[in-house]
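Only the coordinates and a few stated rules stand behind these numbers; no lab work does. Just so it is clear, the model here is predicted, and its values are computed rather than measured. No Cβ is skipped: glycine too gets one built from the backbone with ideal geometry, and neighbour counts run over all protein chains shown.
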Amino acid sequence: MKKTRFFYGTNCILLMLLGWGILFNEAVKREGRREISESVESTISQTPEKEQDRQEKNQEAVEEDTDNLQEEPDIRVLLTGTDYRTYEQEQVSGICGGKAFTCTAADSRVQDGPLILDGGEEGITVTSIERQCGNPIYYGKLEIIKNGEKLNLINELPLEKYLEAVVPSEMPASYEPQALRAQAVCARTYAWKHIQEKGIDGYNADVDDSVNYQVYGNVFPETSTDQAVKDTFGQIMMKDGEPVEAYYFSTSAGITSTDEIWGARKPAAYLKSVVCDFDRDSPWRSWKTVLPWQKLQEQVRILFEDDSELMTVEAVKKNESGAVISLQVTTKKESYEINQEYSIRKFLSPEGCTITEKDGTKIEGPTLLPSAYFTLKQKKEEGLEITGGGYGHGVGMSQNGADKMAEQGYTWEEILEYFFNQVRIETVY
């Protein structure tokens, strides 16, 4: 009994000590929770002020960036006639504000200065010009200017509105969205640079609407092309703080070229020759045509005023990428050299001849040879056989290559980085 009472007393003491320990522990926990709660409350009470400071700093950064931006510029486009071959037009007719108009150089409205028409929201339809889309519609202002016995037409409009009529004219609207965005940035960069420069000699314009600059207004805008312009609003390619010459062309011959094909001693820093296998399935990847000898004989007579018999036509020099940059033409009287890509393609114009594309399709030859990537085989009885590849000058971005890259998941930024050397995409307005 004494042993039992001893253990009983001892157990009571232990139970009392355990109870006190539990109560002390709970008190410590409550104090800890109180301190944590006060800390959280303190943090929450400070958050709005810190968040406000952060927002103010961000707003200051945005305002600082905005201060560096310029206003969206207007661009002045010199319009060509229906055949794209002349700036001078006999008469101009169209519809403006629902009313028809006609103007000639004898019109009193153009004697003391240009007649300026405002297109408003509906634009101005010029019925005296034909394009692929029919009669083109011009937005912004249309200036009708007397130039001797003829007229010049200049369309002045905001740059982004201009791009809406360039992108579908230069690249099919059915192309991938990322390719269309790359095209929009190229077109904007090209236009921006020409706005900064002196423009077209003898005319108060920045560019014309033909392949001499960028094709404008040949195809009506589409939703996809408008979206590409909006998605890249104000963005251009820059190199060392200056806009680049954002060249582009239809299809490569397997490799791109640099501006050396136009006589540059050293290629521009942003241009590079790159292997391009993305457009290998394009019909223009390879082609063949035959120019009648008599057609070449006539070209020699016009270009060199030489009526003697044409003997040979030879490609005597190619650049690093394989484009012909020097052509030698020999007659019984003299030997002539034709240099640079455009002059060579013009001399070997297949206009009036047939071109067979890679897939066997036969088409009527354009005014210029498709590209300067070619080989020659002389057959005087039949003519000059030309086997070539690619379409366009081959400098900068291949448009068909860009479309295939977009299909494979490349972004528009990645497409441009592939074709141009170390350029930066910057927002200028």
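Things worth noting here:
- With Rh defined as the Kirkwood radius, the inverse of the mean 1/r over Cα pairs, the Rg/Rh of the stretch 304-347 is 1.02.
- Stretching the chain fully between residue 334 and residue 69 yields a gain of 89.7 nm (0.36 nm per residue, less the alpha carbon separation).
- Checked against a 30 Å cut-off, the cross-linked pairs 198/288; 141/239; 198/295; 193/266; 141/198 give Cα-Cα distances beyond that limit for 198/288; 141/239; 198/295.
- Peptides 347-356, 391-400, 82-91 ordered by average Cβ neighbours within 10 Å, highest first: 391-400, 347-356, 82-91
- The Stokes-Einstein estimate for the stretch 256-350, based on a Kirkwood radius over Cα pairs and taken at 25 °C with 0.890 mPa s viscosity, is a diffusion coefficient of 162 µm²/s.
- Label-reachable residues, the stretch 111-143, where backbone N falls under 18 Å from a point 7 Å from residue 203's Cα toward its Cβ: 114-117, 126-132, 136-143
- Sites residue 269 and residue 212 - FRET efficiency at Förster radius 25 Å, r taken between beta-carbons, to 0.05: 0.50
- Relative packing of peptides 134-142, 246-254 - highest average C-beta neighbours within 10 Å first: 246-254, 134-142
- Values of log10 I(q)/I(0), in the order q = 0.13 Å⁻¹, for the stretch 96-249 under a Debye, Cα-only, solvent-free model: -0.64
- Modelled label positions at residue 88 and residue 326, each set 7 Å beyond Cα in the direction of Cβ, lie 3.8 nm from each other.
- With the highest mean first, a sort of the peptides 174-187, 231-244, 208-221 on other beta-carbon atoms found within 10 angstrom per residue produces 174-187, 208-221, 231-244.
- Averaging Cα coordinates gives a centre for the stretch 391-429 and one for the stretch 231-264; these two points are 9 Å apart.
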